[in-house]
Amino acid sequence: MTTSSEATVEVHTDGDALTTAAARRFVEVLVAAQAERGSASVVVTGGGTGITLLEKVRADPGDLDWSKLDVFWGDERFVPAGDPERNELQAHRALLDHVPVDPARIHTVATSDGEYPDPVEAAAEYATAVRAHLAAHGAFDLHLLGMGPDGHINSLFPGDADTIGEDREYAVAVTDSPKPPPVRVTLTYPAIRRSRHVVLVVSGSGKADPVAAAIKGVDPLEIPAAGAHGSESTTFLLDEDAATGLN
């Protein structure tokens, strides 16, 4: 059983300052986890902000020991290997191809042309990897989340009662995403809540209203970001535009 933390909010002047702060948080949390437990784990996110964050970590990784880091993805587009839509590919180009991460500790979702061409089977395989990690380490240390203008996180979309309501499996298939591509694999709330620190990194005025609603604690079926909580901390890192709904 996990407990949830109350959300805190940090506002930064613009997108550049936001991603710089998020990269700093990435390093600080994981270095502290390695100092305390010997290793660390992070769930990364895609999108422009998420990838810029990884590029900034690459530029200034501090004392992070890459050989003692496990990397997971919050969601993945279920497309063929090498497709530029893959979050995995973007993260490799931004960061992972440039640092000495142990390849065995990079935990990817199967591709649509690989060993698990059925997205349901691919999700089950990914859930097995997540379950094994959590059994060994107790929790993810850091779960990074972006947020869409509709309030979605990972591939948990408003109104999708099956994925929003999933309370057992750590990863599920999404076959009718309202945002292309339609087929994806996503971590669920049970996985997010098995994270010590959850950090939502959000920029842009178009997201101000769902940010405000999420922080106020609306129904996650309406704004999925409202259901994202870490066991030790939950932080909304915002630029000034994304924070305008809080005034």
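Here, each number is a calculation from the coordinates, and none is a lab measurement. Model, not experiment: these values are computed from the prediction. As a convention, Cβ positions derive from the backbone with ideal geometry for all residues, glycine included, and neighbour counts pool all protein chains shown.
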note = Over the chain, the sum of -39500 (n - 2.57) across DSSP H runs of at least four, divided by residue number and rounded to 500 deg cm²/dmol, gives at 222 nm -10000 deg cm²/dmol
Rg in Å to one decimal, and Dmax rounded to a whole Å, for region 77-221 via C-alpha atoms = 15.4, 43
request  = List every residue whose amide H lies under 5 Å from the amide H of residue 9, counting only residues 5 or more places away in sequence or on a different chain, with H placed 1.01 Å from N in the peptide plane.
outcome  = 236
query = With each pseudo-label sitting 7 Å past Cα toward Cβ, what's the residue 128-residue 31 distance in nm, one decimal?
reply = 3.8
task = Give the long-range amide H neighbours of residue 81: residues separated by 5 or more places, or on another chain, with amide H under 5 Å away, using H modelled in the peptide plane at 1.01 Å from N.
result = 112, 113
request  = In square nanometres and to one decimal, what's the mean projected area of the convex hull around the Cα atoms of the chain?
outcome  = 11.8
note = Applied in sequence order to region 91-107, the curve 6.51 cos²θ - 1.76 cosθ + 1.60 (Karplus, θ = phi - 60°) yields integer Hz couplings, x standing for Gly and Pro, of 5, 5, 5, 6, 9, 5, 6, 10, 9, x, 6, 5, x, 5, 9, 9, 9
request  = May I ask for the Rg/Rh ratio of region 152-247, computed from Cα atoms with Rh as the Kirkwood radius, given to two decimals?
outcome  = 0.97
remark   = Log10 I(q)/I(0) at q = 0.14, 0.19 Å⁻¹ for region 114-200, from Debye over equal alpha-carbon scatterers, is -0.49, -0.89
query = Debye sum, Cα scatterers, region 2-102, no solvent: what log₁₀ I/I(0) at q = 0.10, 0.16, 0.22, 0.23 1/Å?
reply = -0.30, -0.76, -1.26, -1.32
remark   = Restricting to lysines and to Cα separations under 29 Å from residue 56, and discarding same-chain partners fewer than 8 apart, the set is 68, 179, 207
